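Asker: Sharing a structure, written as structure tokens. Questions coming.
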Amino acid sequence: MKRVYLEETSSTNDVIKAYLAGGENVVVCAERQTGGRGTKGRSFSSEKGGVYLSALTFYKELPAERAFEVMAHAAVAVCKTLSSFGISPEIKWSNDVLAGGRKISGILTENIVSGGFVKASVVGVGLNVSNPLKGLETIAVNMAELLPSPPPAEAVREKLIEELFSPTRFSDYLGYVKFLGKDVRVTEGERQYTAAAREILPDGRLLIEENGELRALSSAEIAIRW
């Protein structure tokens, strides 16, 4: 596996795509990003002191219908990394990682699909270690705030890379999801309503129950609050 270390870049996800033609697993890391982004085009604060990396992974036979496993695996890798340093994380469906009720990590997954199979994936991860969170204190948190003695960002980065390239199971993902069985507030288009979160299906959809009716929702369609 090839590793690339940068002091600063716009986005590690953008840089790593130059390696798609090589067919080799690659990790690109940066100390700081000037154009870090999350899902749905949102910006991701990427000041020095955090972990910012993208992992390019190639697959031989991963059916497209199992693409959610790529994102689930990344979320578990982040959670296992945090747990190894004494932090208890949880996954906010579908791909945010929280600690103490605030966001500590964001994940952006881009899959390359051809012929019904995922040929490769680019997984970008931003993990707050000791980076400043000015203006985001109510919604975000870093490891330094949660630990009496925060680890160096480099140590967290190396542990995260190790976990990203270690096997996980879907049951590991579910183990970090804490809101199932509880009521959640759903925003679906212009409509807002309360429903019970019942199950996360293997394809990543959330099964909810509203007025006795079960429905499966995609994360691309809704926002969840609890």
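The values are calculated or read from the model by the stated rules, or taken from the named source; none is laboratory data. Because the structure is predicted, anything quoted here is derived from the model rather than measured. Reconstructed Cβ throughout: ideal geometry from the backbone, glycine too, with neighbour counts over all protein chains shown.
Asker: From the set of residues in region 180-205 that are over 17 Å from the mean Cα position of the chain (by Cα) and assigned to a loop (DSSP other than H, G, I, E, B), which is farthest from Val97 (Cα to Cα)?
Answerer: First, pick out the residues of region 180-205 that are over 17 Å from the mean Cα position of the chain (by Cα): 180-199, 201.
Adding the requirement that they be assigned to a loop (DSSP other than H, G, I, E, B) leaves 180-182, 189-190, 201.
Values: Leu180: 15, Gly181: 19, Lys182: 18, Gly189: 24, Glu190: 26, Leu201: 19 Å.
So the residue we want is Glu190.
Yes/no matrix, rows are residues, columns are (1) outside the structural domain of Ala72 (by TED's automatic domain parsing); (2) assigned to a loop (DSSP other than H, G, I, E, B); (3) over 26 Å from Lys60 (Cβ atoms):
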{"residue": "Val122", "(1), (2), (3)": "no, no, no"}
{"residue": "Gly126", "(1), (2), (3)": "no, no, yes"}
{"residue": "Val129", "(1), (2), (3)": "no, yes, yes"}
{"residue": "Ser149", "(1), (2), (3)": "no, yes, yes"}
{"residue": "Glu158", "(1), (2), (3)": "no, no, yes"}
{"residue": "Ser166", "(1), (2), (3)": "no, yes, no"}
{"residue": "Leu207", "(1), (2), (3)": "yes, no, yes"}
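Asker: In region 90-117, how many are in a strand (DSSP E or B) and closer than 22 Å to Thr57 by Cα? So that I can check it myself, show each step before the final result.
Answerer: Let us first name the residues in region 90-117 that are in a strand (DSSP E or B), namely 90-92, 96-99, 102-114, 117.
Now narrow it down to the ones that are closer than 22 Å to Thr57 by Cα: 96-97, 105-114, 117.
Counting residues in region 90-117 that are in a strand (DSSP E or B) and closer than 22 Å to Thr57 by Cα gives 13.
Asker: Count, please, the residues in region 41-69 that happen to be touching a residue at least 12 places away in the same chain (Cβ under 8 Å) and either part of a loop (DSSP other than H, G, I, E, B) or under 10 Å from the mean Cα position of the chain (by Cα) (or both).
Answerer: We begin by selecting, within region 41-69, every residue touching a residue at least 12 places away in the same chain (Cβ under 8 Å); these are 44-59, 61-69.
Applying the additional criterion that residues be either part of a loop (DSSP other than H, G, I, E, B) or under 10 Å from the mean Cα position of the chain (by Cα) (or both) yields 44-47, 49, 67.
Looking only at that region, the number is 6.
Asker: Select from region 71-94 the residues that are buried (at least 22 other Cβ atoms within 10 Å of the Cβ) and farther than 22 Å from Leu147 by Cβ and write down the one among them that is modelled with the lowest pLDDT.
Answerer: Ser94
Asker: Taking region 5-40 as the search range and keeping residues that are over 19 Å from Ser130 (Cβ atoms) and among the acidic types (Asp, Glu), which one is modelled with the highest pLDDT?
Answerer: The qualifying residue modelled with the highest pLDDT is Glu24.
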